[in-house]
1. Which condition number in (1) within 19 Å of Ile302 (Cα to Cα); (2) open to solvent by less than 20 Å² (accessible area, probe 1.4 Å); (3) aromatic (Phe, Trp, Tyr) is the one that Phe50 fails?
2. Of all the residues that make up region 278-301, how many are open to solvent by less than 10 Å² (accessible area, probe 1.4 Å) and either outside any helix (DSSP H, G or I) or under 26 Å from Pro375 (Cα atoms) (or both)?
3. Restricting region 340-388 to residues that are in contact with a strand residue (DSSP E or B) (Cβ under 9 Å, 6 or more places away or on another chain), over 20 Å from Val182 (Cβ atoms) and in a loop (DSSP other than H, G, I, E, B), which is least open to solvent (accessible area, probe 1.4 Å)?
4. Hey, Leu275 hits all of (1) in a strand (DSSP E or B); (2) touching a Pro at 6+ places or on another chain (Cβ under 7 Å) but one; which does it fall short on?
5. What single numbered condition from (1) farther than 25 Å from Gln365 by Cα; (2) open to solvent by 50 Å² or more (accessible area, probe 1.4 Å); (3) of a type in the set (Ser, Thr, Tyr) fails to hold for Thr187?
6. Looking only at region 402-414, filter to residues that are out of contact with any Asp or Glu (no Cβ under 9 Å at 6 or more places or on another chain) and open to solvent by less than 40 Å² (accessible area, probe 1.4 Å); which one of those is nearest to Gly305 (Cα to Cα)?
7. Would you confirm whether any residue within region 120-129 is in contact (Cβ under 8 Å) with a residue 24 or more places away in the chain and farther than 24 Å from Val226 by Cβ?
8. Looking at Lys166, Lys229, which is the one that is touching a Cys at 6+ places or on another chain (Cβ under 9 Å), open to solvent by less than 50 Å² (accessible area, probe 1.4 Å), modelled with pLDDT of 90 or more and among the charged types (D, E, K, R)?
Amino acid sequence: MEPASHGLRESATFDRATIHAIQRAAETGIYDIRGWGAKREVPHFDDLLFLGASMSRYPLEGYRERCDTDVVLGTRNAKYPLHLKTPVTIAGMSFGALSAQAKEALGRGASEAGTSTTTGDGGMTPEERGQSKHLVYQYLPSRYGMNPDDLRKADAIEVVLGQGAKPGGGGMLLGQKITERVAAMRTLPLGIDQRSACRHPDWTGPDDLEIKIRELREITDWEKPVYVKIGATRTYYDVKLAVQAGADVVVLDGMQGGTAATQEVFIEHVGIPTLAALPQAVQALQELGVHRQVQLIVSGGIRGGADLAKAMALGADAVAIGTAALVALGDNHPKYDAEYRELGSAAGYYDDYQDGRDPAGISTQDPSLSARLDPVEGGRRLANFIRVMTMEAQTIARACGKAHLTHLEPEDLVALTIEAAAMARVPLAGTNWVPGAGL
């Protein structure tokens, strides 16, 4: 029976997913943990459109006129900033959450595309360092796997204060993924659930962060750029404080950012959308007079070249991809649909990264599953995806008459909804009205 054909109507407040969540909580007495990121619909880059050239603007000819894509990150203080061919970087995802093969594939793909990848919580693996031309070392509250020698081996350091999927909350790695190797790297007991701290143990505020950044610079002889990563919440103030503390690069992660495992209530109800946070970050940098001097990397729901171009038009210097990178490697591929269904999910829906039973061999520590992922082939797929993203953004930039992706600007954009216009601070399509401007 089709319920709708019998006049049955689903509640907007208590829809089937909500009813299922209540029933699951009632049966188990525990909150739900999952991976992926926010699934609720929020204003995003799809709510923006570009104004391509026609008469009042002059486009660049497709393949005859250059549109450059390179970016330099860490120019403020570092002796050796990162010179990347594309403004698409790979976000921090840990060995532990991901298999060693997946981490190697991320390094291979980033290197082939001429960009950087990031370690994530739990330390640096030889596979990742060996295959990554540009590797960013994450310095997290947990200090799991933290090694000063690895700091020196990295090309940049990212001090993580928050993540888009769980700002104010710590990470999780469930016991089934704590293998002997993971336990040894993190100094943890084998097979026991691990919860990462939500704040750094040796500072309590921005003044202490400034001291920590100076310590990291001294450890690395002032050679490496120091990033500060924040989850999108009180973005305007957090960016200003990060800059004052000495950040070379600010990484802003919106609520659509993914995670390997955290409470679903966090994923869906804490933080603000990437679209809302980005203009606040740019405003903070502009008011301090350091926009483009302190680079801004934006992550959280970046899916393709259009998202990249729109983020850069709103003032970002680069983007970071996480979930999209895993999909490029083979996550949720239809060829594993039957196995996903055996796990109670389906291809395109699988989000139980915390369980360690990923048929694609990506979010697992099971040797028989992780062996399915060929790091060379996975790296090739990821590099292809990054190249396509970059070419798509170039196509849009040329249509707007821009010879470099960083030349895109808010003037090139309009919004389809009042909400998106207010958040992005661009006009509603067909008007000159920017909701809230001048108020």
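The values are calculated or read from the model by the stated rules, or taken from the named source; none is laboratory data. What you see is a predicted model; the values in this text were computed from it and never measured. Counting neighbours? That spans all protein chains shown, and the Cβs are built from the backbone with ideal geometry, glycine included. SASA here: full protein model, heavy atoms, side chains in, ligands and nucleic acids out. Shrake-Rupley method; radii C 1.70, N 1.55, O 1.52, S 1.80 Å.
1. The failed condition is (2).
2. Within region 278-301, residues that are open to solvent by less than 10 Å² (accessible area, probe 1.4 Å) and either outside any helix (DSSP H, G or I) or under 26 Å from Pro375 (Cα atoms) (or both) number 7.
3. Tyr350
4. Only one criterion in (1) in a strand (DSSP E or B); (2) touching a Pro at 6+ places or on another chain (Cβ under 7 Å) is unmet by Leu275, namely (1).
5. Only one criterion is unmet by Thr187, namely (1).
6. For region 402-414, the residue satisfying everything is Leu408.
7. yes
8. Within the list Lys166, Lys229, the selection yields Lys166.
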